[in-house]
Structures are given as structure tokens and as C-alpha cells.
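> Before I ask anything, let me first share the structure, which is written out below as C-alpha cells.
Bear in mind these aren't lab numbers, they're just calculated from the coordinates by the rules spelled out. The shown structure was predicted, so the numbers you read here are calculated from the model rather than taken from an experiment. Note that we place each Cβ from the backbone using ideal geometry, even for glycine, and neighbour counts take in every protein chain shown.
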Amino acid sequence: MSLRCETLRMQLQERWCGIAAEAWRPKCVVVVHLDEGAYSAAIGTRLDPSAGCTTVTIDQGEVIFRRIDLRGDVAQWQVNGLPHELTHVVLAD
């Protein structure tokens, strides 16, 4: 999974920013939850549960935390959800 994420991140970085991707520090944590219940418990209860959520924390212009939470019970999460959420992380940088 980590190789898939890194490859996708490099592609998105080049597409959206026009530059080659550098090593991330800190790395982005990607968590795939078993179902909606586990996902909601991790990110908080929502009225309309999404399939993915991105959290990026920036302190004094520097990214200090990156995390993607995905629902593993949503069809095509690797094809749709992961690229969508990873785009948010890339653009936040």
C-alpha cells in the first residue's frame, strides 16, 4: 500500500504543482477503516458520512502532520477515494 501511495503522490505532485515530489517529513499516515462505524469513531460522527477525510496541520507555515482516513467498505476506495484525499494533501503543501 505504501508504494501505491508514494507513486500516486508523485504523479499528483507533478500534475498539480509541475514539480517533482520531494520526500515528505512528516510522512502522511493513511488509515483504511473496516467500515462506517470504525471510520466515524476515528474522525467523529457526521450527518452525511463521507468515504474519506484528510487532516493536514500546519504550524508557522510548516506542515507538521498529514493523515488520510478512508472507509474500506466503500467500493473503489483505492481508485476514487485515495487519489481524491491525496490530492488534498498535495495541494495543502
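> Tabulate in residue order the Karplus-calculated ³J(HN,Hα) for the stretch 53-66, using 6.51 cos²θ - 1.76 cosθ + 1.60 with θ = phi - 60°, rounded to whole Hz; enter x for Gly and Pro.
Result, ordered by residue: 8, 10, 10, 10, 10, 10, 10, 6, x, 10, 6, 10, 7, 9 Hz.
> Would you mind counting up the charge near Trp24? Only other residues with Cβ under 14 Å from its Cβ, with Lys and Arg at +1 and Asp and Glu at -1. Please report the intermediate quantities before stating the final value.
Values: positive: Arg9, Arg25, Lys27, Arg66, Arg67; negative: Glu6, Glu22, Glu62, Asp93.
Summing Lys and Arg as +1 and Asp and Glu as -1 gives +1.
> Then there is this: Once every DSSP H run of n ≥ 4 in the chain is given -39500 (n - 2.57) and the sum is divided by its residues, what mean residue ellipticity at 222 nm do you get, rounded to the nearest 500 deg cm²/dmol? Could you put the intermediate results ahead of the total?
Numbers: 3 runs with 35 residues, N = 93.
Mean residue ellipticity at 222 nm (helix-derived): -11500 deg cm²/dmol.
> Give me the net charge of Ala38's neighbourhood, meaning all other residues with Cβ under 13 Å from the Cβ of Ala38; Lys, Arg count +1, Asp, Glu -1. Write out the running numbers ahead of the final one.
Values: positive: Arg71; negative: Asp35, Glu36, Asp69, Asp73.
With Lys, Arg at +1 and Asp, Glu at -1, the neighbours total -3.
> Decide, for the stretch 1-83, between rounded, prolate and oblate: order the square roots of the alpha carbon gyration tensor eigenvalues as a ≥ b ≥ c, take rounded if a/c falls under 1.5, and otherwise choose prolate if a/b is larger than b/c, else oblate. Write down the numbers at each step before the final one.
Values: a/c = 2.29, a/b = 1.46, b/c = 1.57.
Oblate is the answer for the stretch 1-83, as a/c is 1.5 or above yet b/c matches or exceeds a/b.
> Follow-up. Please give the Cα centre distance for the stretch 74-92 versus the stretch 56-71, rounded to the nearest Å.
With the stretch 74-92 and the stretch 56-71 each reduced to a Cα centre, they are spaced 15 Å.
> Which one, Leu8, Ala20, Gln76, projects farthest toward the positive side of the charge dipole computed for the stretch 1-89 from Cβ point charges (K/R +1, D/E -1)?
It is Ala20, whose Cα lies furthest towards the positive end.
> Now a separate question. Going through the chain, which chymotrypsin sites (Phe, Trp or Tyr not before Pro) have at most 13 other Cβ atoms within 10 Å and a DSSP loop state?
Here no chymotrypsin sites (Phe, Trp or Tyr not before Pro) fit, given the DSSP loop and packing criteria.
> So for the pair Val63, Glu6, with labels modelled 7 Å out along Cα→Cβ, what separation do we get in nm?
1.6 nm
> Order the peptides 1-9, 80-88 from the highest to the lowest mean number of other Cβ atoms within 10 Å of their residues.
With the highest mean Cβ count within 10 Å placed first, the list reads 80-88, 1-9.
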